[in-house]
């Protein structure tokens, strides 16, 4: 097969999701010549519909905040965590933390949301090619060369001074270089779909996400995408599925029917979309940058979605990658060493949120979550984190550390085994 060599670019971005579109928009707006390769045609389905308030800052930087506001997406002001029996509920209101300056965000059907971001990359000056799949890359003669095929099967080769890999879980660069490491503690399987007619909350909380904590450390999400449509998913530890392999196809509706607090919400509802299965949610690379390449979004790392960090991490890493590429191009310093700050920032952000996500699978932590108290400011610190703030002030960090000390005390004293008599956070602190 003949390979056509196309015009070289300053930046080639692989992937048109939130990370890739953000990186392309930032780099193009900064004056770089940008080619974005997206293997699918938009709009397309994608999981991950719940945003966090910290995303608002990034949407403004990208210049799409007004378009997102005008799109009519469901407004999200917080999150509810329910016990399996429905008798206990912990409500996380984003307005409870002073560090959350905009305590509201959105639930977004990803086909529409991602289309806005991709169009914004075009408007910023990036050349966007949909239906174009990046096949491989190589470093040659001081350039990154990317081979890609279009929908007709024709192959082209494009040179770039910098490659930003935002190819999602496919991980073009990370897999080729053997960088990806699965998280041995956070290996889960999710089965999800969309339903019509699920009972939703009323009033200002109608748009909030609901997380139902199950006794076997599984959990269920319910995300209202519109007044009539709800995104629903079940996340279970991988080993649970291995023991019930024959039931994987029925895992979603079987779990929903078996949880009383959830089953009543589905009376009269119907599934309106295919059932999707995702596995091994959490992974990270040994490093996020190398000579002339950067990893953004899921192409770098992905974290269990219990606290809805996925789109936020994609937006942040995408914007960071775009800025890092511009700095490198301006200085003509495009080595791994030149991208050290980018690499460190991504690692620190992942570690920060991973600590909270991993804690969710600790029964002692769940007990504490179901008895929130703001004594010593601990609840506000938790809310700041759950709103997506990965750079809290020193006092908030101290309070988060205190939260984990309290969780350790619960575990040590066996409070999680005596859940109905467990004291609230404030009672333990005092």
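The values are calculated or read from the model by the stated rules, or taken from the named source; none is laboratory data. Here the structure is a predicted model, which means the values were calculated and not measured. For neighbour counting, all protein chains shown are included, and Cβ atoms are generated from backbone atoms with ideal geometry for every residue, glycine included.
Annotations for the structure displayed:
- Candidates in the range 358-384 are the residues that are in a helix (DSSP H, G or I), touching a residue at least 60 places away in the same chain (Cβ under 8 Å) and out of contact with any strand residue (DSSP E or B) (no Cβ under 9 Å at 6 or more places or on another chain); of these, the one that is nearest to residue 101 (Cα to Cα) is 384.
- Filter pass, residue 328 being surrounded by 17 or more Cβ atoms within 10 Å (Cβ to Cβ) and either in the same structural domain as residue 56 (by TED's automatic domain parsing) or at pLDDT 95 or above (or both): yes
- In the condition set (1) surrounded by fewer than 23 Cβ atoms within 10 Å (Cβ to Cβ); (2) farther than 28 Å from residue 120 by Cβ; (3) touching a strand residue (DSSP E or B) at 6+ places or on another chain (Cβ under 6 Å); (4) free of Cβ contacts under 8 Å to residues at least 60 places away in the same chain, residue 234 is compliant with all but (1).
- Members of the range 407-430 found to be buried (at least 21 other Cβ atoms within 10 Å of the Cβ) and either in contact with a strand residue (DSSP E or B) (Cβ under 9 Å, 6 or more places away or on another chain) or modelled with pLDDT of 80 or more (or both), listed by number: 407, 410
- Residue that is surrounded by the most Cβ atoms within 10 Å (Cβ to Cβ) [pool: residues in the range 147-177 that are free of Cβ contacts under 8 Å to residues at least 60 places away in the same chain and not in a loop (DSSP other than H, G, I, E, B)]: 149
- Exactly one residue among 375, 371, 366 is surrounded by fewer than 21 Cβ atoms within 10 Å (Cβ to Cβ), in the same structural domain as residue 410 (by TED's automatic domain parsing) and within 26 Å of residue 185 (Cα to Cα), and that residue is 371.
- Counting only helices (runs of 4 or more DSSP H) wholly contained in the range 55-146, the ones carrying 2 or more residues that are more than 18 Å from the chain's Cα centre (by Cα) and free of Cβ contacts under 8 Å to residues at least 40 places away in the same chain occupy 65-70, 110-124.
Here is a yes/no grid of residues against (1) at pLDDT 95 or above; (2) out of contact with any helix residue (DSSP H, G or I) (no Cβ under 8 Å at 6 or more places or on another chain); (3) closer than 30 Å to residue 191 by Cβ:
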{"site": "3", "(1), (2), (3)": "no, yes, no"}
{"site": "25", "(1), (2), (3)": "yes, no, no"}
{"site": "36", "(1), (2), (3)": "yes, no, no"}
{"site": "39", "(1), (2), (3)": "yes, yes, yes"}
{"site": "45", "(1), (2), (3)": "no, no, yes"}
{"site": "55", "(1), (2), (3)": "yes, no, yes"}
{"site": "64", "(1), (2), (3)": "yes, no, no"}
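- Only listed residue being at pLDDT 95 or above and in the same structural domain as residue 333 (by TED's automatic domain parsing), chosen from 178, 142: 178
- For the range 182-204, residues that are within 22 Å of the chain's Cα centre (by Cα) and buried (at least 16 other Cβ atoms within 10 Å of the Cβ) total 11.
- Against the conditions (1) under 22 Å from residue 95 (Cβ atoms); (2) part of a helix (DSSP H, G or I); (3) within 23 Å of the chain's Cα centre (by Cα), residue 355 satisfies every one except (1).
- Condition met for residue 252 (under 21 Å from residue 210 (Cα atoms) and in contact (Cβ under 8 Å) with a residue 40 or more places away in the chain): yes
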